[in-house]
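Q: Before I ask anything, here is the structure I am working with.
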Amino acid sequence: MASSNAVGNAREFISPSDLTFSWGSCHRCLWLNYNHGLRTPGFMPLVGDLANMQENYFAAKTTADIAPVLPEGKVADLGGWVKSSFINVNGAATKYAIRGKYDLLIEFTDGTYGIIDCKFQAKDSDKTDLYQPQLEAYAFALENPASGAAKKVSLMGLLVWSLLEPAGDVTKGFGLKLKHTWRPIERNPAALASRLTDFITVVSSDMPAAKDNCDMCNYLNQRRQFIGAQ
């Protein structure tokens, strides 16, 4: 299934987040990233700092500290990397595997595990459908690791902090009062298998057309036209 347009820096690891964000945007940009290493630049100030703050807060915490509805367990790891075995498409192994970095890994007393993704949102809203493929990809990698023992994933979900109001004063300093929301996500391995099949088919084929409303592609086309007219 390999594309004849691929070069030496073509990617063979699928990032779980690309199954959500990149897949839902421009497939030409996605293809250029996986075949030529050309990634659309992004600018998200404070996102990394806020995510690290949230993850570190729950280090070594129990599930009771996260959400009382969760089974008994504890945070076993945070910010860990996972790598899956090669992905099968239509019964045949491909050159692609999943590799990514989860937020929180929960170990339950029954020996199973949970994957929790930490989110910092301006407003509390339900985005479980958006992030389901990403978390299912982490679960796939844990249950089908490239090496080491497999871990059975029994639970997935989002841990959302959303803004409420400022707190503090000018003498003691200011902070932010946050709402804490647990949003479970149903396991759906079949949906992930379908998404991976479509994803790998796109990045392994000829370069697709640009999405009509892709800002990056539209900018580059207009820039090329402008320069060519000079």
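The values are calculated or read from the model by the stated rules, or taken from the named source; none is laboratory data. What you see is a predicted model; the values in this text were computed from it and never measured. So basically every Cβ, Gly included, is an ideal-geometry build from the backbone, and we count neighbours across all protein chains shown.
Q: Inspect all residues belonging to segment 149-172 and state whether any of them is aromatic (Phe, Trp, Tyr), within 23 Å of TYR57 (Cβ to Cβ) and in contact with a strand residue (DSSP E or B) (Cβ under 8 Å, 6 or more places away or on another chain).
A: Yes, some residue in segment 149-172 is aromatic (Phe, Trp, Tyr), within 23 Å of TYR57 (Cβ to Cβ) and in contact with a strand residue (DSSP E or B) (Cβ under 8 Å, 6 or more places away or on another chain).
Q: Any residue that is under 24 Å from PRO145 (Cα atoms), in contact with a Gly (Cβ under 8 Å, 6 or more places away or on another chain) and without any contact (Cβ under 8 Å) to a residue 60 or more places away in the chain - is there at least one of those in segment 64-73?
A: Checked against the condition, which is being under 24 Å from PRO145 (Cα atoms), in contact with a Gly (Cβ under 8 Å, 6 or more places away or on another chain) and without any contact (Cβ under 8 Å) to a residue 60 or more places away in the chain, segment 64-73 yields at least one hit.
Q: Filter segment 160-183 for residues that are part of a strand (DSSP E or B) and of a type in the set (Val, Ile, Thr); which is nearest to ALA122 (Cα to Cα)?
A: Within segment 160-183, the match that is nearest to ALA122 (Cα to Cα) is VAL160.
Q: Output the residue which, of all residues in segment 101-112 that are in contact (Cβ under 8 Å) with a residue 40 or more places away in the chain and surrounded by fewer than 20 Cβ atoms within 10 Å (Cβ to Cβ), is nearest to GLU55 (Cα to Cα).
A: Once the filter is applied, the top-ranked residue is PHE108.
Q: Scan segment 179-213 residue by residue and report those that are of a type in the set (A, V, I, L, M), more than 23 Å from ALA92 (Cβ to Cβ) and touching a strand residue (DSSP E or B) at 6+ places or on another chain (Cβ under 9 Å).
A: ILE185, the sole residue that qualifies.
Q: Do we have any residue at all in segment 143-154 that's under 19 Å from the mean Cα position of the chain (by Cα), part of a helix (DSSP H, G or I), at pLDDT 95 or above and surrounded by 11 or more Cβ atoms within 10 Å (Cβ to Cβ)?
A: Looking for residues that are under 19 Å from the mean Cα position of the chain (by Cα), part of a helix (DSSP H, G or I), at pLDDT 95 or above and surrounded by 11 or more Cβ atoms within 10 Å (Cβ to Cβ), one finds at least one in segment 143-154, hence yes.
Q: Given the condition closer than 20 Å to PRO16 by Cα and touching a Pro at 6+ places or on another chain (Cβ under 7 Å), answer yes or no: does some residue in segment 111-119 qualify?
A: Within segment 111-119, none of the residues are closer than 20 Å to PRO16 by Cα and touching a Pro at 6+ places or on another chain (Cβ under 7 Å).
Q: A further question on this structure: Criterion first (loosely packed, with under 11 Cβ neighbours inside 10 Å, in contact (Cβ under 8 Å) with a residue 40 or more places away in the chain and not polar (S, T, N, Q)) does ASP169 satisfy it?
A: no
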